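To start, the structure under review is shown below, and the notes come after it.
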Amino acid sequence: MPNESIVKQHEELKKLISLHNYNYHVLDKPQISDLDFDRLFSELLKIESENDGLDIFDSPTQKIGGEPLDKFAKVDHRMPMLSLANSYSIEEILEFDARVKKFSRTTDEIEYFCEPKFDGLAIEIIYENGRYLRALTRGDGVTGEDVTENIKTIRSIPLRLNSPNPPSLLEVRGEVLIFKSDFQKLNQVQQEEAQHTFANPRNAAAGTVRQLDSKITANRPLRFFAYGLGQYENIFFESQKAIGEKLEELGLPVNLTNADFLLREICRGPQAVIDFYKKIEGQRQDMPFDIDGIVVKVNNLRLQDELGLVARSPRWATAAKFKPQQAETMVEKIIVQIGRTGTLTPVAIMAPVKVGGVVITNATLHNQEEIDRKDVRIGDHVIIQRAGDVIPEIVSVVFEKRQKNSKPFLLPTNCPECGKPVVKIEDEVASRCVNSFCPAILKESLKHFVSRRAMNIDKVGDKIIDSFVDHGLIKSFSDFYRLQKDQIIALDRQGDKSAENILGSIEKSKQTTLARFIFSLGIRFVGEQTAKSLAEHFVTVDDFLTASEESLLTIPDIGPKVAKSIQNWLTQGRSIEEVKNLLSLGVMVEGPRKNVQGTLSGQSFLITGTLPVKRDEAKALIEGCGGKILSAVSAKLNFLVVGNDPGSKMEKAQSLGVNIVSWEELLNLAKKKRPE
Ligand code: IVH
C-alpha cells in the first residue's frame with residue numbers, strides 16, 4: 001500500500017481534476033487553461049503509475065478507454081425501457097391531455113413537465129452505492145447491449161455520484177448525443193484521416209456508442225443528458241422535476257446548464273404545453289444539438305404510477321414531434337468539384353428553397369454510387385432535408401414528375417478543370433484526377449495550406465488564391481513566401497493596404513510548429529491528429545523527411561494505409577524539394593514541447609542489448625510517446641527494454657523487480673492510444 005500522504009495527494013488530485021472536468025464538460029465554464037489541465041492530468045498519471053494499490057476506480061485516468069472487445073454482451077434491463085407514443089399535431093397534444101384527465105378522473109389542469117426530445121440514442125447507466133457499475137443501450141427495450149466501457153469515457157458522466165450517502169441503486173436514463181459543431185469537426189477529421197463520415201449527429205453518436213474499441217469512443221465528442229430513471233432504491237422522488245434536480249445535484253448532466261435557451265418548463269394544462277412546443281420549435285435551429293420534438297410528462301410521479309402503460313408506452317407521457325424539415329425543389333444542374341486530393345465530388349445545384357428557415361441551393365451527391373442509388377438526374381424534382389439540421393441532402397426523387405427525356409447522370413471521364421483522364425482507385429468509391437499540375441487541385445491544396453489549423457495565413461482567402469493561381473503568380477506553397485507587393489497590387493481590386501496585410505500575415509505564418517507544418521503539406525490521410533503524432537515522434541523536419549515506413553508504423557494511430565501514403569509522399573523528389581524551399585525562404589518550424597503527453601507518459605525506460613531498430617529511433621519512440629529515458633537501473637525505473645545480448649543491467653533490473661519488456665512489447669505499450 002502506498003503511504004498516507006500519497007493516498008491523500010492522489011485523492012485530492014482525482015477530486016480536483018474531476019471538478020475541472022465537470023466545469024468544462026457539464027457547466028461549459030472551464031476554470032483553468034487546457035495546458036494547466038494537461039499538467040494536472042500528467043501528474044495524476046505519474047502518481048498512479050508509480051504507486052500500486054491506489055484507488056483508481058473513479059480516477060479521471062479511467063476515462064481513456066480500455067482493451068477492444070470482440071462483441072457486446074447482452075444484458076436484460078431490470079425495468080424495461082419503454083418508448084413514447086408520438087403526437088404530430090396540436091390536436092394530438094389536446095387528445096393526450098384529455099386522456100390523462102379522463103383517466104385520473106379530474107377536471108383540474110394537469111401539471112406537465114416538458115423538455116426537448118433529444119435526437120440521439122437512449123442509454124441506461126447503473127450506479128450501485130454511488131459507483132458507476134454498468135451502462136446499457138436500450139436495445140429492444142427488454143435486453144440491451146453492455147456498453148459500460150464506452151459510456152465510461154464520456155467526460156461529463158461521473159464515475160462516482162456526488163453524495164456522502166448515495167442511493168444503493170440508481171438507474172439513470174438519458175440520451176447520448178453529439179453537438180452539431182462537434183459533429184462537423186468530427187466529420188472533417190474523419191475525412192482527413194480517410195475514415196468514413198457520418199450522415200448526421202445521431203448516426204455518429206450511435207456508431208460511436210456501438211464501437212468495440214473504447215479508445216476510439218474516448219476520442220469522440222459524446223455528450224449525455226439524463227432525463228429519467230429506471231429502477232432505484234433508498235431514494236424518493238415526488239415529481240419529474242425533482243428527479244432532474246436531484247440528478248443534477250448528484251453530478252449528472254441534465255440538459256445544458258448555462259444556455260440562453262428555454263430547456264424545460266412546468267406547464268399547467270394543454271395550452272401551456274402548446275406554447276412551450278412553439279417556443280422550442282422556434283429556437284430549434286439555434287440550439288447546439290439536434291432535437292426532433294418535445295417530450296411531455298405528467299409531473300406528479302404518483303399520478304404517473306396510476307396512469308401506468310398501454311402496450312409498450314406510458315400513458316403519462318407523449319412525444320410531440322416537429323414536422324420534418326423537408327421541402328421539394330428541382331435540380332437545375334449537377335456540377336463536379338475537385339478536392340485537394342483530386343477527388344471528384346458531384347454537387348446538385350437546385351432552385352433555392354427554404355428548409356427550416358434556411359435557404360438551400362446546394363447538396364452534395366458524394367459520388368457516382370450515391371447518384372446511382374438515389375437515381376438523381378438533372379431536371380428531377382427532389383425532396384431535400386437538412387440532415388441532422390445541418391447539412392442539406394437529397395432524400396429522394398419525385399419520380400412521377402420526372403421528364404421523359406431525362407438521362408442518368410454520369411461523372412465525367414476527364415477532369416473538368418484540367419481535362420486529364422480521371423482514375424477510379426480500387427477499393428475506393430471516389431474517382432480522382434491524378435494530374436499533379438491540375439489547377440483545381442493546386443487551388444484546393446493552397447487553401448488547405450493557408451487555413452487556420454495549418455499555416456494560418458489569415459489574410460489570404462479563397463478568392464485571392466483563385467486569382468493568384470489564375471494569374472500564374474502562385475504555383476506552389478513556397479511561392480507565397482516569394483510574393484512581392486507590386487505583384488499583388490497589379491491584381492484586380494488589391495490596394496496598397498490590402499497587399500500589406502496579405503504580406504504581413506504571410507510573414508507571421510513563418511513561425512510555426514512541426515505539427516502544423518506537416519498538416520499544411522496536405523499529405524493524403526494526414527489529418528491534424530496524425531500530424532501531431534508525427535511531430536511528437538520525429539521532433540524535427542529532417543527526421544520526418546527521412547522517416548522509414550517501419551518507423552512510421554511504430555507510431556500510435558498510424559496504420560499501414562496512412563504509413564504507405566506518407567511514404568509515397570516522402571519519396572516524391574518534388575515534396576522534399578518544396579519543404580526545403582519553404583525552410584530556405586524563412587519558415588521556422590518549432591519541434592514539439594518536451595514532456596509530451598502520450599501513451600508512455602509518467603513511465604521511465606532504459607534500453608539494453610541490441611534492438612531490431614537503431615537506439616536513437618527507440619529513444620525517439622519512447623520520448624515521442626511521453627516516456628522518460630533513465631541512464632541507470634534503479635528502483636525508480638519502470639521498464640527495462642531488452643534486446644539481444646543484454647548486459648548486467650538485466651540482472652540488476654530483475655533483482656529490483658523492474659518490468660522487463662522486449663521491443664515488441666514496448667511497441668504494444670506505445671501503440672495504445674494516448675489519453676486526451
Ligand atoms: S422520457 C417511456 N425524455 O425518446 C420513455 N425520452 O420514444 C420515457 N428521448 O427512447 C422517455 N429525449 O431515447 C424522454 N427528454 C426526453 C427524451 C426522450 C429523447 C427519447 C428516448 C426514448 C425515446 C422514446
>> Taking 0.36 nm per residue of sequence separation and subtracting the Cα-Cα distance, how much length would be gained by fully extending the chain between residue 133 and residue 476, in nm to one decimal?
In response: 117.9 nm
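Quick one: order 500, 265 from most to least accessible surface, probe 1.4 Å.
Numbers: 500 80, 265 55 Å².
Reading off the accessible areas and sorting them downward yields 500, 265.
What ranking, highest mean first, results for peptides 556-567, 205-216 when packing means the other Cβ atoms within 10 Å averaged over each residue? Could you put the intermediate results ahead of the total?
Details: 556-567: 17.6, 205-216: 19.6.
Taking the mean over residues of other Cβ atoms within 10 Å, the ranking is 205-216, 556-567.
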> Taking only the alpha-carbon atoms of region 16-74, what semi-axes of the equivalent ellipsoid follow from 5 times the gyration tensor eigenvalues under a square root, in whole Å, largest first?
Replying inline: 24, 18, 10
>> Tell me the accessible surface of residue 381 in square angstrom (1.4 angstrom probe, heavy atoms of protein chains only), to the nearest ten.
In response: 60 Å²
> Measuring from label point to label point, each 7 Å out along Cα→Cβ, what is the residue 245 to residue 15 span in nm?
Replying inline: 2.6 nm
> Once Lys and Arg get +1 and Asp and Glu get -1 on their Cβ, which of 457, 421, 439 lies farthest toward the positive end of the dipole of region 414-478?
Replying inline: 457
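Direction-averaged shadow area of the convex hull around the Cα atoms of the chain, nm²?
Answer in nm², one decimal: 35.9.
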> Can you list the aspartates and glutamates whose alpha carbon is less than 12 Å from that of residue 564, not counting same-chain residues fewer than 8 positions off?
Replying inline: 549, 550
> Where both partners of a DSSP beta bridge lie in the chain, what percent of those bridges are antiparallel, to the nearest 5?
Replying inline: 85 percent
> Per-residue HN-Hα couplings for region 511-528, Karplus 6.51 cos²θ - 1.76 cosθ + 1.60 at θ = phi - 60°, whole Hz, x for Gly and Pro?
Replying inline: 7, 9, 9, 4, 4, 5, 4, 5, 4, 5, 5, x, 5, 4, 6, 9, x, 4
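Go ahead and estimate [θ] at 222 nm for the chain from helices alone: -39,500 (n - 2.57) per DSSP H run with n ≥ 4, summed, over the residue count, rounded to 500. All intermediate terms of the calculation are to be shown ahead of the outcome.
Values: 24 runs with 241 residues, N = 676.
Per the formula, -10500 deg cm²/dmol.
Rounded to the nearest 0.05, what FRET efficiency do residue 359 and residue 571 have when you use their Cβ-Cβ distance and R0 = 56 Å? Before the final figure, lay out each step's value.
Numbers: r = 47 Å, r/R0 = 0.85.
FRET efficiency, residue 359 to residue 571: 0.75.
Give the total of Lys-Lys pairs in region 28-97 with Cα-Cα distances below 25 Å; include a pair only if its members are 8 or more places apart or on different chains. Working shown, then result.
On the way: 29/63; 46/63; 63/71; 63/74.
Lysine pairs meeting the criterion: 4.
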>> Test of understanding: what is the full-extension gain from residue 7 to residue 507, defined as 0.36 nm times their sequence separation minus their Cα-Cα distance?
In response: 174.9 nm
> How far is it, in nm, from the label point at residue 351 to the one at residue 660 when both lie 7 Å from their Cα along the line to the Cβ?
Replying inline: 8.0 nm
>> Rounded to the nearest angstrom and ordered from largest down, what semi-axes does the equivalent ellipsoid of region 627-676 get from its C-alpha gyration tensor (root of 5λ)?
In response: 21, 13, 9
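Starting from 0.36 nm per residue, how many nanometres of slack lie between residue 496 and residue 484 once their C-alpha separation is accounted for? Don't skip to the answer; put the middle values down first.
Numbers: separation 12, 0.36 × 12 = 4.32 nm, distance 1.18 nm.
Net length gain for the segment: 3.1 nm.
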> Which one of 381, 579, 121 has its Cα pushed farthest toward the positive end of the charge dipole of the chain, where Lys and Arg give +1 and Asp and Glu give -1 at the Cβ?
Replying inline: 381
>> As an exercise, use a Förster radius of 25 Å and the Cβ-Cβ distance of residue 434 and residue 410 to find the FRET efficiency, rounded to the nearest 0.05.
In response: 0.85
> Amide H of residue 662: which non-local residues (sequence gap of 5 or more, or other chain) have their own amide H closer than 5 Å, using H built in the peptide plane?
Replying inline: 642
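Ranked from the most accessible area to the least, with a 1.4 Å probe and all protein chains present, what is the order of 143, 107? Spell out each step's value before the answer.
Working: 143 40, 107 130 Å².
Solvent-accessible surface, decreasing: 107, 143.
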> Counting Lys and Arg as +1 and Asp and Glu as -1, each charge on the Cβ, what is the dipole of the chain about the Cα centre in debye, to the nearest 20?
Replying inline: 880 debye
> Taking amide H positions as placed 1.01 Å from N in the peptide plane, with prolines and chain starts having none, which residues 5 or more places from residue 229, or on another chain, fall under 5 Å of its amide H?
Replying inline: 173
>> Show me, for region 330-342, the HN-Hα J-couplings you get by feeding each phi into the Karplus relation (A = 6.51, B = -1.76, C = 1.60, θ = phi - 60°), rounded to Hz, glycine and proline as x.
In response: 10, 7, 7, 7, 10, 9, 10, 9, 10, x, 4, 9, x
>> With +1 on the Cβ of every Lys and Arg and -1 on the Cβ of every Asp and Glu, and nothing else charged, how large is the dipole of region 133-186 about its Cα centre, in debye rounded to the nearest 20?
In response: 280 debye
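Quick one: in region 135-248, what % of C-alpha pairs are over 19 Å apart? Write out the running numbers ahead of the final one.
On the way: 3320 of 6441 pairs.
In whole percent, the long-distance tail amounts to 52.
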> Cα centroids of region 503-572 and region 444-480: how far apart, whole angstrom?
Replying inline: 20 Å
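Which entries of 628/671; 420/561; 374/443; 117/279; 117/278 show an alpha-carbon separation above 19 angstrom in the structure shown? Walk me through the numbers on the way to the answer.
Details: 628/671 16 Å; 420/561 26 Å; 374/443 31 Å; 117/279 14 Å; 117/278 14 Å.
Flagged as over cut-off: 420/561; 374/443.
Can you give me the accessible area per residue for the chain, using a 1.4 Å probe, in Å²? Each step should come with its number before you reach the end.
On the way: 32980 Å² over 676 residues.
Here the residues of the chain average 49 Å² of exposed surface.
Given a 1.4 angstrom probe, I'd like the percentage of the accessible area of the chain that is carbon and sulfur, rounded to a whole number. Could you put the intermediate results ahead of the total?
Values: 16350 of 32980 Å².
So the carbon and sulfur contribution to the accessible surface is 50 percent.
So for 366, 25, what's the accessible-area order with a 1.4 Å probe, most first? Don't jump to the answer; show the numbers that get you there.
Numbers: 366 95, 25 60 Å².
Solvent-accessible surface, decreasing: 366, 25.
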> Karplus couplings for region 582-589 from phi (6.51 cos²θ - 1.76 cosθ + 1.60, θ = phi - 60°), rounded to Hz, Gly and Pro as x?
Replying inline: 4, 5, 6, 8, x, 6, 10, 10
> Amide H to amide H under 5 Å from residue 56: which residues, 5+ apart in sequence or cross-chain, H placed 1.01 Å off N in plane?
Replying inline: none
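Can you give the FRET efficiency to the nearest 0.05 for residue 76 and residue 237, using r as the Cβ-Cβ distance and R₀ = 25 Å?
Working: r = 24 Å, r/R0 = 0.96.
So the FRET efficiency works out to roughly 0.55.
The values are calculated or read from the model by the stated rules, or taken from the named source; none is laboratory data. Every value quoted in this text rests on a predicted model; they were computed, and no experiment measured them. No Cβ is skipped: glycine too gets one built from the backbone with ideal geometry, and neighbour counts run over all protein chains shown. Just the protein is used for accessible areas: all its heavy atoms, side chains included, with ligands, DNA and RNA removed. Shrake-Rupley method; radii C 1.70, N 1.55, O 1.52, S 1.80 Å.
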